[in-house]
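So the structure is just underneath, and the comments pick up after that.
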Amino acid sequence: MPNIKELEDLTTQVRRDILRMVHKVNSGHPGGSLGCAEFFVSIYKEIMERNEGFDMDGIGEDLFFLSNGHISPIYYSVLARSGYFPVEELNTFRLINSRLQGHPTTHEGLPGIRIASGSLGQGMSVALGAAQAKKLNNDDHLVYSLHGDGELQEGQNWEAIMYASAKKVDNLISTIDLNQQQIDGSTDDVLPMGSLRAKFEAFGWTVLDIEKGNDIEAVLKGMKEAKSLTGKGKPVCVLLHTVMGNGVDFMMHTHAWHGKAPNDEQLAIGLEQNVETLGDY
Amino acid sequence: MKTYTYTEKKDTRSGFGAGLAELGRTNPNVVALCADLIGSLKMNEFIDENPERFYQIGIAEANMMGIAAGLTIGGKIPFTGTFANFSTGRVYDQIRQSIAYSGKNVKICASHAGLTLGEDGATHQILEDIGLMKMLPGMVVINPCDYNQTKAATIAIADYDGPVYLRFGRPSVPIFTPADQKFEIGKAIQLTEGTDVTIVATGHLVWEALEASKALHEAGISAEVINIHTIKPLDDKAIIESVSKTGCIVTAEEHNHLGGLGESVARVLAQHKPTPQEFVATNDTFGESGTPAQLMDKYGLNSDAIQNAVKKVLKRK
């Protein structure tokens, strides 16, 4: 059984990491990062089967692909705190000569990253390729991917969604961060997408909702259920209901903090609301 | 002067198909993807022999490029197949981010490049693809000249670790390179020795350059013809050495003069050995419907055009 308290402590710590990273360089994307903290902590600490160290091919382990690369702060924080690279390196986020580029990349050789992302809508196709390579290699491990809900406005996703079920890619769990916000406003204001459940089901996927996407126990339960639904001839979609900016009260329930850094005062408030647990980098 | 003859004409896309089929037998990591153009890309043999290593993507080229990138993670060597237009411009950002920037070992195999696609017209006749691809950091760009060379290039790129753009075409063209000639990425091939002018050509224009050199020889002009099958990395040394001898150069390609082989050559020469140069290429234009021969004539991409360019450049020496 996972120690929920430990996972919650880690979640609080990565929220601090996110705020401090973005504040230091006065740029980056805190909103979506904070909203996905529980998800990242859950899959890296409990859900995925991972090998020691990092090997690009990832044979014999589960793989994760981040499609909405702008939430790099949460990705970097959890990768560092999962042992892929030194936690102190979070200090270099978005700085010149850093491996921690504004958006994730393989180009600088940062362990844990298997594809560049940032230009939206490309991650599901890549995850599909990796999942099909696993099948060809008789590797029964899974491929996980994460996508923004606004990101689904990119057409390539729907090519991938159609392909995944047609080709029975049932070793893939694609999670949609359903925070209902994007840069210019709510997804309903910018381009209403209707029922994503109905859309994914119509495209032949098994769909699972995690209603409390910022509750670590609910995320663990949901992702375990998603895992149990793999291998049954259909790709699995998790609709992860989250609150953008979760854990920092003034950043919550708004698109305003999609890509904006807190100032000194706002940082202090955010850190006050997320007291240091495992130690700052 | 060394002369070249042929006994058979074949399309370069069939050379790709034959090379891919051979890879299917010799390299278990090679996988193939196609966006609903199996017949046009001549991929049937590979598919018949290796159905489990073939992915029919449907008419979804963006998805195909992403899937290809993903397949490399797990050690596969994906060869994507579709028309040149849909292999480049349509999916530029997917190639840029998921393949080139990500450093993935994907082979982008592009048929029906240029005007010789013919009657389908300008929507399908891409004349900008070499430029698009050569601008991507780390992308290798190859445009072989006949069936044998395309087959050899297809086989050779599987052994190179990194993204490659392999460009070939639809029409039947003379087979004049040896079937057993080893393909070396980035290594120009001197076809004839000459002293008056250097002609560097790529793709379908290489045969036209040889035809031109024959006619020029009869007119008393000695042309050195070089087959530049690899536009990037370019064989700078071979070009500089040749113009050091001849003092002028004509570049020939089935591509826009903006962004093509000619510009790459001009960059090298401007930097290392400024040399009078004429360009046989399309002049910032789209194509149109017509037979390949009609189009190559109308847009000035044949032996006659090369001869005229040679006469022009000789006056500038």
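Throughout, read-outs are computed from the coordinates displayed, never taken from laboratory work. Everything quoted here is computed from the prediction, not taken from an experiment. Cβ coordinates were reconstructed from backbone atoms using ideal geometry, including for glycine residues, and neighbour counts include every protein chain displayed.
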Extent along principal axes [Cα atoms of chain B; Å; largest to smallest]:
57, 39, 37
Residues B:Asp159 and A:Asp189, FRET efficiency given R0 of 56 Å [Cβ-Cβ distance, rounded to 0.05]
0.60
Give, rounded to the nearest 20 debye, the magnitude of the charge dipole that the stretch B:156-243 has about its Cα centre when Lys and Arg contribute +1 at Cβ and Asp and Glu contribute -1 at Cβ.
320 debye
In chain B, taking the dipole from +1 charges on Lys and Arg beta carbons and -1 charges on Asp and Glu beta carbons about the Cα centre, the listed residue (B:Leu258, B:Leu301, B:Gly118) farthest towards the positive end is B:Leu258
Assertion target for A:Tyr281, B:Tyr299, ordered by fewest C-beta neighbours within 10 angstrom first, is A:Tyr281, B:Tyr299
Report the dimensions of the stretch A:156-281 along its three principal axes from the alpha-carbon atoms, largest first, rounded to Å.
51, 35, 23
Shape call, the stretch B:9-174: gyration tensor on alpha carbons, a/c limit 1.5:
rounded
Grab the Cα-Cα distance for A:Glu108 and A:Arg197, subtract it from 0.36 nm times how many residues apart they are, and report the gain in nm with one decimal.
28.3 nm
Extension gain (nm, one decimal) between A:Glu211 and A:Asp9, 0.36 nm per residue minus Cα-Cα:
70.6 nm
Would you work out if the stretch B:189-314 is rounded, prolate or oblate? Take a ≥ b ≥ c from the square roots of the eigenvalues of the alpha-carbon gyration tensor; rounded if a/c is under 1.5, else prolate when a/b is larger than b/c, oblate otherwise.
oblate
Chain B - percent relative contact order, Cα under 8 Å, separation 6 or more
19 percent
For the stretch B:1-101, state the average projected area of the convex hull of the C-alpha atoms over all orientations, rounded to one decimal in nm².
8.7 nm²
Please get the size of the charge dipole for the protein assembly as shown, origin at its Cα centre, with Cβ charges of +1 on Lys and Arg and -1 on Asp and Glu, quoted in debye to the nearest 20.
1320 debye
Rounded, prolate or oblate, given the Cα gyration tensor of the stretch B:170-240, with a/c below 1.5 counting as rounded?
oblate
Using a simple charge model, +1 on the beta-carbon of Lys and Arg, -1 on the beta-carbon of Asp and Glu, nothing else, what dipole does the stretch A:4-272 show about its Cα centre, in debye to the nearest 20?
460 debye
Just report the Cα centroid separation between the stretch B:69-118 and the stretch A:238-281, whole Å.
40 Å
Whole-Hz couplings from phi, Karplus 6.51/-1.76/1.60, listed for the stretch B:183-188; x for Gly and Pro:
9, 10, 4, x, 10, 5
Please check: in the Gaussian network model of chain B (C-alpha springs, under 10 Å), which one of B:Val91, B:Val106, B:Val197 has the largest mean-square fluctuation.
B:Val91
Please compare each pair in A:Lys168/B:Lys76; B:Lys232/B:Lys273; B:Lys10/B:Lys182; B:Lys214/B:Lys245; B:Lys2/B:Lys245; A:Lys134/B:Lys182 to a cut-off of 24 Å on the Cα-Cα distance and tell me which ones are over it.
A:Lys134/B:Lys182
With point charges of +1 on the Cβ of Lys and Arg and -1 on the Cβ of Asp and Glu, referenced to the Cα centre of the stretch B:179-249, which listed residue (B:Ser222, B:Leu191, B:Gln181) lies farthest in the positive direction of the dipole?
B:Gln181
Just name one of A:Leu146, A:Ser27, A:Gln13: the one whose Cα is farthest towards the positive end of the charge dipole of chain A (beta-carbon charges, Lys/Arg +1, Asp/Glu -1).
A:Leu146
At 10 °C and a viscosity of 1.306 mPa s, what translational diffusion coefficient does Stokes-Einstein give for the protein assembly as shown, taking Rh as the Kirkwood radius over Cα pairs? Give it in µm²/s as a whole number.
62 µm²/s
Normalising by the residue count of the stretch B:189-314, find the relative contact order in percent from Cα pairs under 8 Å and 6+ residues apart.
29 percent
Going through the stretch A:198-281, which trypsin sites (Lys or Arg not before Pro) have at most 11 other Cβ atoms within 10 Å and a DSSP loop state?
A:Lys232
For a paramagnetic label modelled at 7 Å from the Cα of A:Ser98 toward its Cβ, which residues of the stretch A:261-278 fall within the zone defined by backbone nitrogen distances under 15 Å?
A:261-262
Report the calculated FRET efficiency for B:Glu184 and B:Lys315 (r = Cβ-Cβ distance, R0 = 45 Å), to the nearest 0.05.
0.80
Can you sort A:Met162, B:Met296, A:Met48, A:Met124 from fewest to most other Cβ atoms within 10 Å of each residue's own Cβ?
A:Met162, A:Met48, B:Met296, A:Met124
Which order do B:Tyr165, B:Tyr160, A:Tyr84 fall in if you start with the one that has the fewest other Cβ atoms within 10 Å?
B:Tyr160, A:Tyr84, B:Tyr165
Taking the stretch A:1-93, which GluC sites (Glu not before Pro) meet the DSSP loop condition and have no more than 14 other C-beta atoms within 10 Å?
A:Glu49, A:Glu52
Quick check: Cα centre of the stretch B:252-312 to Cα centre of the stretch A:55-103, how many Å?
46 Å
